[in-house]
């Protein structure tokens, strides 16, 4: 059995803390115990300091007693993908290249969550250099899936997905360049939100491809993701891609009327090539969504494979530019996988990069007209295949990378090119007992709508209440 | 240095990175580059007009910003 307090959502444990039914110290003690059990099995943490967690919890309890809660996350233990600056901590970004880096300012998202009262359990394992969905890390070891450690927790935010699923943190930060929030959320059976490009500040976060990178939350419910998003979203003068958009709090809109909502799905390639068990879970989810909206209709998606190629050009070239000096001077500090994956970017002609940038707005406009002129939300599977075993994602040849990892990201990467928000929501299990998820994609800055739809789905289903088998 | 890649490929970055590149890796790298380059090249030829202004992605993103129908 999962300890009762740790099985609660952020919203539930917040109510317990507010009502003094539990203290942050008691919560931290349970987290420490749970991590001691889970960490040897799933390797979700890169840094975990029990003393620091207890100190933060005690400070939170004192603050709450003296002045009340600082914000909605007061005293709640969270984790973060180990790529965000925190003063006094070295973020690895999954590599040894940053060992000497000493951040002097907190990443914006870290600072915002601390202002909301969050306390940190620690830095979570991730792909080397934010570069892979495989779940492997040659420097720190793979993250194993808590549902079955033979299977991948995916990536690049694998530790975030695994830790939230294992109930050792209540929520976590991740980043998504081609699927790196949605894939770990999907394979670990939690909710993961990739916000619109520019919704959340990346200042102080290690980059992979700055024109695609976004930061977002993973948690067990859409409601918890809404709460976390409201804490981290908004403009930041230190990240000029962020926008002072008309802010609509996702929590306020969580119960919006969805009865007239028009939902689209695709039956065209590659979206029609799911494995049968994945397709069955997806079809069942569509049935639930049909029941609480104005209906789900098929649509043709414009050029998903080309959108994938365009995203790949941006990703490879930008990563090569970021890593060129290190790759020349410290090639031994890269795995063969990441080195080979990145070096392609040195050979993409500048014309292609310019074209991929120059056509991006035009393709977004075409996509909006083709899909969102007659639908409010698009629903697709996150991954067309069952969760792979870790041994099957250990590709280090270009052919292996394309075969296994290309398939994993086929349905996620196109939406990074378009900059659109997408949320991954658990909707069943595959033939091996590993989680399956769908994703909801919406117009720019429609996170409140996606979260409301996901929340309505979770109101009618209990997939998010399933927990991985507990370790004795 | 592999001798079957065009000399024009060897800018400073690439020479330094690839001075020990094997023939096999050079061939597979060329395949990977083509796989990324060619579809975008074809797409641009089909889609882009000489007089097209490059689109401002962030502006387009904001132009389509969702708002709740309250």
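The values are calculated or read from the model by the stated rules, or taken from the named source; none is laboratory data. Treat the numbers as computed from the prediction; the structure is a model and nothing was measured. In this analysis, Cβ positions are derived from the backbone assuming ideal geometry, glycine residues included, and neighbour counts consider all displayed protein chains.
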Check: Hey, does segment A:281-304 have a residue that's in contact (Cβ under 8 Å) with a residue 24 or more places away in the chain, within 14 Å of chain B (Cβ to nearest Cβ) and part of a helix (DSSP H, G or I)?
Finding: yes
Checklist line | Pick from segment A:214-235, criterion free of Cβ contacts under 8 Å to residues at least 60 places away in the same chain and surrounded by 24 or more Cβ atoms within 10 Å (Cβ to Cβ), ranking: farthest from residue A:191 (Cα to Cα) | finding: A:216
Next item on the list: Inspect segment A:413-426 for any residue being farther than 30 Å from residue A:260 by Cα, in contact with a helix residue (DSSP H, G or I) (Cβ under 8 Å, 6 or more places away or on another chain), more than 14 Å from every other protein chain (Cβ to nearest Cβ) and in contact (Cβ under 8 Å) with a residue 60 or more places away in the chain and give the result as yes or no.
Entry: no
Note to self: Can you list the strands (runs of 3 or more DSSP E) lying wholly within segment A:136-222 that have 1 or more residues being closer than 23 Å to residue A:10 by Cβ?
What the structure shows: A:171-176, A:191-194, A:214-219
Next item on the list: Determine whether residue B:14 is facing chain A (nearest Cβ under 7 Å), modelled with pLDDT under 75 and under 19 Å from residue A:352 (Cβ atoms).
Entry: yes
Notebook entry, point to check: With (1) part of a helix (DSSP H, G or I); (2) at pLDDT 95 or above; (3) more than 9 Å from chain B (Cβ to nearest Cβ) as the list, and residue A:379 as the residue in question, which single condition is left unmet?
Noted result: (1)
Notebook entry, point to check: buried (at least 18 other Cβ atoms within 10 Å of the Cβ), modelled with pLDDT of 95 or more and touching a strand residue (DSSP E or B) at 6+ places or on another chain (Cβ under 8 Å): does that describe residue A:428?
Noted result: yes
Check: Which residues, taken from segment A:434-472, are touching a strand residue (DSSP E or B) at 6+ places or on another chain (Cβ under 6 Å), within 14 Å of another protein chain (Cβ to nearest Cβ) and outside any helix (DSSP H, G or I)?
Finding: A:440, A:441, A:442
Next item on the list: Only residues that are facing another protein chain (nearest Cβ under 7 Å) and closer than 19 Å to residue B:26 by Cα: list them for segment A:330-376, please.
Entry: A:343, A:344, A:346, A:347, A:348, A:349
Notebook entry, point to check: Which residues, taken from segment A:60-79, are under 9 Å from residue A:24 (Cα atoms) and surrounded by fewer than 23 Cβ atoms within 10 Å (Cβ to Cβ)?
Noted result: A:61, A:74
